[in-house]
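Colleague: Here it is: the structure, laid out below.
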Amino acid sequence: MNNKSLAIISAFTLITAGMAILLFMSADSEPQAVETRDTAELQEDLLDEKDRRQKLNDELAHLQEVYNQFQEEEDPELVMDDVLNDLKRAAGATEVAGEGVVLTIDVYIDEHYEGGGIRHIPPYLLRMLINELNVQGAEEIAIDGQRVIATTAVREANDQTLVNGSWLSYFPIDVKVITEDPESLHHAMMSSQTREMFEFENLQFESETVQSLTVPAYDGVQRVRHMTPAQED
């Protein structure tokens, strides 16, 4: 077996391991019983499944592209460096800059509103927004300065919403999104059912395309469950 063949095998091992880690980290811990879910939860789950399918298709296309590069490149180590950088970006380990969209979330109250003060975004609504963005072509997302990765948790505690364990600021809240087609994502989000769900919760978001924005690297500790290092014989 020549050096190039060994390099190809090593690279595909790296790619497959990285892809498996990302898929494991994005898996839900417990499925909900269908009978207990309302319309909003069902819509959230539907967007989540669409998001998972699109990510899987994107990964398969990327694997085919990498395979073709290995066949054409005389120095496989150059391709391996690119693959490693791609995995780091997918894991949120690097700061990323590019063109995209900025969504601004704020309180929406009309003349018929009779409730109390609105202090936070319900976690289910924020998860729905993330799924919708991914389905519509988002590559990188940061919510109020928090990078969204496969293991990002959106939770509620003491009537406040946390992303990656950090409290969200009070309104307005910015969501930065990097995408290859800002105009398409902008129009899709402004006409989405997710936007209607925000208004149902007396919230709204506006969208603006920008030529350059930066999303920060994930600054937490990433833990992989259900996987252990293999022991050498």
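Colleague: What is the one condition in (1) of a type in the set (D, E, K, R); (2) within 21 Å of Gly98 (Cβ to Cβ); (3) in contact with a strand residue (DSSP E or B) (Cβ under 8 Å, 6 or more places away or on another chain) that Arg195 does not satisfy?
Modeller: In the conditions (1) of a type in the set (D, E, K, R); (2) within 21 Å of Gly98 (Cβ to Cβ); (3) in contact with a strand residue (DSSP E or B) (Cβ under 8 Å, 6 or more places away or on another chain), Arg195 misses (2) alone.
Colleague: Looking at Met190, Met128, Met197, can you tell me which residue is without any contact (Cβ under 8 Å) to a residue 24 or more places away in the chain and not hydroxyl-bearing (Ser, Thr, Tyr)?
Modeller: Result: Met190 is the single residue among Met190, Met128, Met197 that is without any contact (Cβ under 8 Å) to a residue 24 or more places away in the chain and not hydroxyl-bearing (Ser, Thr, Tyr).
Colleague: Taking Ser191 as the residue in question, decide whether it is modelled with pLDDT of 95 or more, closer than 25 Å to Glu95 by Cβ and surrounded by fewer than 16 Cβ atoms within 10 Å (Cβ to Cβ).
Modeller: Taking the combined requirement at face value, the residue does not satisfy it.
Colleague: Which residue pairs have Cβ atoms under 9 Å apart, sit 6 or more places apart or on different chains, and have a first residue in segment 134-157 that is on the phi > 0 side of the Ramachandran plot and a second that is of a type in the set (S, T, N, Q)?
Modeller: From residues that are on the phi > 0 side of the Ramachandran plot, the pairs are Gly137/Gln54; Gly137/Thr179; Gly137/Ser184; Asp144/Ser166; Asp144/Ser169; Gly145/Ser166; Gly145/Ser169.
Colleague: Inside segment 194-209, can you point out the residues that are closer than 24 Å to Gly92 by Cβ and surrounded by 15 or more Cβ atoms within 10 Å (Cβ to Cβ)?
Modeller: Those that are closer than 24 Å to Gly92 by Cβ and surrounded by 15 or more Cβ atoms within 10 Å (Cβ to Cβ): Thr194, Phe205, Ser207, Thr209.
Colleague: Shifting gears a bit: State yes or no: is Leu84 of a type outside the set (D, E, K, R), modelled with pLDDT under 75, within 26 Å of the chain's Cα centre (by Cα) and assigned to a helix (DSSP H, G or I)?
Modeller: Yes; evaluated as a whole, the condition is true for this residue.
The values are calculated or read from the model by the stated rules, or taken from the named source; none is laboratory data. Just so you know, these numbers come straight off a predicted model, no measurement behind them. Note that each Cβ is placed from the backbone with ideal geometry, even for glycine, and that neighbours are counted across all protein chains shown.
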